[in-house]
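Written below as structure tokens is the structure these notes are about.
The values are calculated or read from the model by the stated rules, or taken from the named source; none is laboratory data. Small disclaimer: the values here were computed from a predicted structure and weren't measured. Glycine also receives a Cβ, built like all others from the backbone with ideal geometry; neighbour counts cover every protein chain displayed. Just so you know, the surface numbers come from the protein's heavy atoms only, side chains and all, with ligands and any DNA or RNA stripped out. Shrake-Rupley method; radii C 1.70, N 1.55, O 1.52, S 1.80 Å.
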Amino acid sequence: MEIDPFIFRLSIFILSIFVGYYVVWSVTPSLHTPLMSVTNAISSVIIVGAIIAALAGASDNIFETSNIFGFLAIILAAVNIFGGFLVTQRMLQMYKKKKK
Amino acid sequence: MSANLSASFYLISGILFILALRGLSSPETSRQGNYFGIAGMAISIIVTFLSVGNFGPGFIYVLIFLVVGGSIGAFIAFRIPMTAMPELVAGFHSLVGLAAVFVAISAFLKPYAFNLGEVGSIKLASLIEMSLGAAIGAITFSGSIIAFLKLRGIMSGAPITFKGQHFINLLLGISIAFLIFYLCRTQSTHIFWSIVLISFLVGVLLIIPIGGADMPVVISMLNSYSGWAAAGIGFTLENTALIITGALVGSSGAILSYIMCKGMNRSFFNVILGGWGATDQISNSQSKEQKPVKNGNADDAAFLMKNASSVIIVPGYGMAVAQAQHALREMVDALKKNGVKVSYAIHPVAGRMPGHMNVLLAEANVPYDEVFELEEINNDFANCDVAYVIGANDVTNPVAKSDPQSPIYGMPVLDVEKSKSVLFVKRSLSPGYAGIDNDLFYRDNTLMLFADAKKMTEEIVKSL
């Protein structure tokens, strides 16, 4: 019997939860704020869905309702991607060691 | 681009995201980690463009919107003050949530564009995944908006509770499950919209009963939700990058919530069900008898610290409110010139989000190897001459160790009272968030400095 592709995706999902669990426990507590801002930035990879939604359908009518939702989602996700990564970078630049 | 090739690239993106989080295990590797994250994101976006392969006028619009959103994001990222980081993160979570809702709506309206079947006959599994993604996304959105308003001070941080609140939440939760079931049977657009609307309502109701100082738990929890929403959409789109990211973010937020709850010795449900100390705050302040308090000024404090050999600084949310981190750093520099050994002690729930104090100290150029977590430094208070408590309160309360009746009993606290003398900067004797009196104020070795945290610290710098 053939295995449903859903099971493969579910396996990836479950294994990723375990990877996330161990990786996040090893994050030093002083970097918990950058952790939140960077997880926020990477979860904006949902922009992938937004792009598909925006470009769906015929090219002569690109402003159907579903496309508009796609465009809106692109703006929201783009704010997050740029904002999230840049603010994380700004924070990480500030963490310095004692001058010897 | 073939589906197999693009799937492989999405897998690479997912791995880069894992490396981005892995980098945060130490400040040295963290910046490199962030670049991995950016690379992963760039790969995902480019691969999506190539696999959709539609470079018509729509593509131009996508680029325009990408640039518009990106500029807004970059502008915010450069302008935001570090003290506003908790509300920024809450605001960003709301955007992820709403984006998830929009993508789900779009997929529901035009399922064939996502290979999910035709309108009215969407695949069952996809329907469940997208409605779950939409529901969690909507809860994340409205919940984060409430958290944002509370953190920004637009809405009062006080818990809002009413009778039957938990019952209503339960009822709404059940009705969402029920509607998803009916959506699968009927594929009705109305039901889909109802699920989204009810979820918005649930998000609001979930967050309003939670008070200001519990925000670290709320933000971490919403962080987790935004991940699960992304994963839900990832299953709908059959996209590996999104599934991996959703799982990572979801578990990251869950771990942070757990750490925050442990820092307060409370169960997750106790926090979520809300309203800690909101009721007995009044009775406590009335029954407070006038106990003697030693009151000092900046000169006393400067004298004490100058003659100390070691000083531990205990910052809290009050330091963030007063923006006192730069003044504090000047004070520490002056002390170091006098040969005083200075370190910082951070309680896990100090501030309004995980790691809040660390970021503020880093902003003020405090080297991170002078900053210690509770377990690392708690034994050092006994050998320390002066503890300088600036803007912290409940996390120093010795009652948590001695009085089983106290609501904060069992919460891990900093053993500030063990140091030879304690300098406590505070505007008044009012109780902290937990609504209980801090026993530390009345100890013989405590000197209260009644002033704004920033002004007092600046005055101490002057008299040093």
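Take the Cβ atoms of B:Lys337 and B:Val293, set R0 to 22 Å, and the FRET efficiency comes out at 0.10.
Out of the stretch B:142-226, which trypsin sites (Lys or Arg not before Pro) are coil in DSSP terms and have no more than 13 other C-beta atoms within 10 Å? Intermediate values should be presented prior to the final figure.
Working: sites: B:Lys150, B:Arg152, B:Lys163, B:Arg185; in loops: B:Lys163.
Qualifying residues, ordered by number: B:Lys163.
Considering only B:Ala134, B:Gly391, B:Leu361, the residue lying farthest towards the positive end of the dipole of chain B is B:Ala134, judged by Cα position with unit charges set on Cβ. How about A:Lys96: which aspartates and glutamates have a C-alpha closer than 20 Å to its C-alpha, ignoring those fewer than 8 places off in the same chain? Within reach: B:Glu28, B:Glu330, B:Asp333, B:Glu363, B:Asp369, B:Glu370, B:Glu373, B:Glu376. Remark: mean inter-chain Cβ contacts per residue of B:356-364 equal 5, using a 10 Å Cβ-Cβ cutoff to other protein chain atoms. Each Lys or Arg adds one and each Asp or Glu subtracts one; over the other residues with Cβ under 13 Å from the Cβ of B:Ile313, this totals -2.
Counting partner chain Cβ atoms within 10 Å of every residue's Cβ in B:41-52, what's the average? Write out the running numbers ahead of the final one.
Details: counts 11, 1, 1, 8, 7, 0, 1, 8, 3, 0, 3, 6.
Going residue by residue through B:41-52 and averaging, the value is 4.
For B:Lys454, a cut-off of 23 angstrom between C-alpha atoms picks up these lysines, skipping any fewer than 8 places away in its own chain: B:Lys294, B:Lys306, B:Lys336, B:Lys337, B:Lys341, B:Lys426, B:Lys462. Taking the DSSP beta bridges with both ends in the protein assembly as shown, the antiparallel portion is around 10 percent. Charge tally around B:Ala230: other residues with Cβ under 15 Å, Lys/Arg +1 each, Asp/Glu -1 each, net -1.
Around A:Gly70, with a cut-off of 12 angstrom between Cβ atoms, what is the net charge of the other residues, counting Lys and Arg +1 and Asp and Glu -1? Kindly include the intermediate steps, with their values, before the conclusion.
On the way: positive: B:Lys110; negative: A:Glu64.
Cβ neighbours under 12 Å give a net charge of 0.
Which chymotrypsin sites (Phe, Trp or Tyr not before Pro) in the stretch B:41-118 pass both tests, a DSSP loop state and at most 15 other beta-carbon atoms within 10 Å? Filter output for the stretch B:41-118: B:Phe55.
In the protein assembly as shown, the portion of solvent-accessible area held by carbon and sulfur atoms comes to 63 percent [1.4 Å probe, whole percent, DNA, RNA and ligands not counted]. The slack between B:Thr29 and B:Ser2, meaning 0.36 nm per residue of separation minus the straight C-alpha distance, is 6.2 nm. Given a 1.4 angstrom probe, what's the average accessible area per residue across the protein assembly as shown, in square angstrom? Computed with neighbouring chains in place, this is 40 Å² per residue. Label separation (A:Ser11 vs B:Ser428): 6.3 nm, computed from points 7 Å beyond Cα along the C-beta direction.
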